[in-house]
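Readers should treat all values here as calculations from the given coordinates under stated rules, not as data from a laboratory. What you see is a predicted model, and the numbers here were worked out from it, not measured in a lab. No Cβ is skipped: glycine too gets one built from the backbone with ideal geometry, and neighbour counts run over all protein chains shown.
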Amino acid sequence: MGSIYKRGAVFWIQYYRNGKPYRETAKTKKESEAKRFLKLREGEIAEGEIPGIHFEKVRFNDLIDGFLADYRINEKKSLAQAEIRVETLKTFFDGCKVPEITTPKIQNYIELRLADKKSNATINRELSALKRILNLGMRQTPPKVKRVPYIPMLKENNVRKGFFEHGEFIALREALPEYLKGFVTFAYKTGWRVSEIEKLTWSKVDLENNIVRIESGETKNNEARTVYLDNELKEVFLNQKARQKELSKISNYVFPNEEGTDKIRVFRKSWNSACTTAKIGKRLFHDFRRTAVRNMVRAGIPERVAMMISGHKTRSVFERYNIVSETDLKIASQKQEAYLQTQISTISSTISPIDEENAPKEKRAFSINTENP
């Protein structure tokens, strides 16, 4: 059983868990309030919980090492970004006891970041890091966090919607230097990330079986990926081999730089010039990724298969790339119009003509003029 006692004018409580004594201030001068606080702690112990005093000693900074260790152990490639977000969070939560990190306090943090003109997306990434920090603390043995507060997220509206129509891609490819034409063709058809194509080596290519494969650990989501080459892409790879033999510069990379000495690194100048020549406006290489997803879905390829080709791990991100264009909307309108025309034809063929002169008056009122509906 616990007890209460005074230290000066303030009441303190004492209780036991597994034979270990705990003492803490009730932060009150009223005996009745101290008794209620003691019953709260005894109730926690009766339910097998760790006393709240344990969590009240933990500060935000005590959880950071576990969060960053999780990134290192799992070899996450965004460790540097995680460290930056931690430093940003520390400017506000530094020294805070974990129970003090409440929803109102988090909302204050959001308001300050918005006042600093930070984007909703940036703030959301920081809030996601905060949530992860607290969740990892709660999973510790023994836990360092009793419960994770509700963390409100901001609405984001920064999803890029650029993509290539087929004619635009052809015009761009024609305007690019020869060494980039196969490079962009592979991107346009597969939706692979630029870094994945830049690093693609001949050891990952099996032209006999028309297969290109990258192993787990070489992709952003750490999952292996296999792509079967269609006729055009196989021709691209054969041309790459022939070009290297012609230049007498055999490279490990499928798509080497213009000199044929290393992988492609920077081609921004050639890209911007080609966009201008093709008269398609400013575009991003990443638009190929969105385009490939959309084209595969429109071609009837099952979404799961399309995700395996493009390397999308989550359904939500894939769906964000499955973009509807103005052409899609126009086709939808045309299909709806065609459908409604078939319905009119069906009505015309199934309704019997009514003899207006001999029909009763009540039937005349409901007759249908199929010629002028």
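Note on GLU232 and GLN336: their simple-model spin labels are 3.1 nm apart, each label 7 Å out from Cα toward Cβ. Centroid-to-centroid, using Cα positions, the range 69-138 and the range 294-310 are 35 Å apart. Note on the range 110-258: along the principal axes its Cα atoms extend 66, 38, 25 Å, ordered by decreasing extent. Between the amide H of ILE211 and those of ASP206, LEU229, distances stay under 5 Å, these residues lying 5 or more places away or on another chain, with hydrogens modeled in the peptide plane. For the listed residue pairs LYS76/LYS234; LYS181/LYS245; LYS241/LYS263; LYS6/LYS90, the alpha carbons are over 25 angstrom apart in LYS76/LYS234; LYS6/LYS90.
Annotation: amide H-H contacts under 5 Å for THR201 (H modelled 1.01 Å from N, sequence separation of 5 or more, or interchain): VAL254.
Once the Cα-Cα distance is subtracted from the 0.36 nm per residue extended length, the ILE84 to GLN140 segment shows a gain of 17.8 nm.
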